[in-house]
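Report on one structure; see the data block that follows.
The values are calculated or read from the model by the stated rules, or taken from the named source; none is laboratory data. Given the structure is predicted, the values throughout are model-derived calculations rather than measurements. Note that each Cβ is placed from the backbone with ideal geometry, even for glycine, and that neighbours are counted across all protein chains shown. The protein model used for the area step is the full one, side chains on, heavy atoms only, and it has no ligands, DNA or RNA in it. Shrake-Rupley method; radii C 1.70, N 1.55, O 1.52, S 1.80 Å.
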Amino acid sequence: MDTRFNMFDNEIAVKFFKRFANAGMVIYQSPLPQSTQELVSLRASQINGCGWCIDMHTKEAAAAGETSVRLNLVAAWRESTVYTDAERAALALAEEGTRLADAHQGVSDETWAQVRKHYDDDQIAALVSLVALINAANRLAVIVHQQGGSYQPGMFAAAFD
């Protein structure tokens with residue numbers, strides 16, 4: 001499978017991505033823990049089959065000190081012992097917020113209650129925004145067949161400095 005369209009060589013796409021990256025910086029600079037941000041982004045990207053984003057978030061998380069055990073178990077977080085209750089709430093929100101079409105209720109009241117239990121309003125705002133943003137990023141990359149495997153930590157941020 002070849003990349004259909006190089007979004008990084010198109011003027012309109014680059015303008016869009018700069019604004020997209022700015023929205024991401026709001027989340028990155030929020031009080032939501034960085035490790036949670038990367039785990040949520042990784043899990044949504046796994047669900048959406050986005051190789052580019054899986055590659056990016058796995059490598060960014062590892063560069064930030066995340067362990068290979070935790071990264072390798074994200075897809076099976078419910079059957080794993082390496083995540084906190086707060087991370088479990090965030091991962092559940094990521095899954096339910098990503099699979100909106102799979103459930104008539106969207107995010108369940110049970111999941112929302114767990115999120116409210118573990119995060120304050122600013123963290124919840126960042127978490128909800130992150131789920132929306134990573135799903136948009138996944139769709140952009142999947143539509144154009146942006147391939148995973150060549151990403152280097154810091155590459156995305158450096159492209160828009």
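The tail of the calculated P(r) for region 1-71 beyond 20 Å holds 40 percent of all Cα-Cα pairs. The listed peptides 107-120, 75-88, ordered by packing as a protection proxy, come out as 107-120, 75-88 (highest mean of other Cβ atoms within 10 Å first). Take the chain with all the other protein chains still there, run a 1.4 Å probe, and you get 55 Å² of accessible area per residue.
Sequence-distant contacts, meaning Cα pairs under 8 Å at least 6 residues apart, place the relative contact order of region 39-111 at 33 percent.
Over the residues of the chain, the helix contribution to mean residue ellipticity at 222 nm works out to -20000 deg cm²/dmol, using -39500 (n - 2.57) for each DSSP H run of at least 4. Selection among Gln114, Ala92, Asn138 by position relative to the dipole of region 63-156 gives Asn138 as farthest towards the positive end (Cβ unit charges, Cα centre).
Could you tell me what percent of the accessible area of the chain is made up of carbon and sulfur, with a 1.4 Å probe and every protein chain present?
55 percent
Please enumerate, by chain and number, the aspartates and glutamates with C-alpha under 18 Å from the C-alpha of Lys15, excluding those fewer than 8 residues away in the same chain. Output for Lys15: Asp161. Placing a pseudo-label 7 Å from each Cα along the Cα-to-Cβ vector at Ala13 and Arg88 gives an inter-label distance of 4.1 nm.
The calculated FRET efficiency for the pair His104 and Ser68, based on their C-beta separation and a Förster distance of 30 Å, comes to about 0.20. This model, with +1 at the C-beta of Lys and Arg and -1 at the C-beta of Asp and Glu, gives the chain a dipole about its Cα centre of some 240 debye. Rounded if a/c is under 1.5, else prolate if a/b is larger than b/c, else oblate: which is region 24-143, with a ≥ b ≥ c the root eigenvalues of its Cα gyration tensor? Rounded is the answer for region 24-143, as its axis ratio a/c remains below 1.5.
At a threshold of 8 angstrom on Cα-Cα distance, excluding pairs fewer than six apart, so keeping six or more, what relative contact order does the chain reach in percent?
This gives 40 percent for the chain.
This model, with +1 at the C-beta of Lys and Arg and -1 at the C-beta of Asp and Glu, gives region 1-52 a dipole about its Cα centre of some 160 debye. The residues Phe20, Phe5, sorted by heavy-atom accessible surface at 1.4 Å with ligands and nucleic acids left out, run Phe5, Phe20 from largest to smallest.
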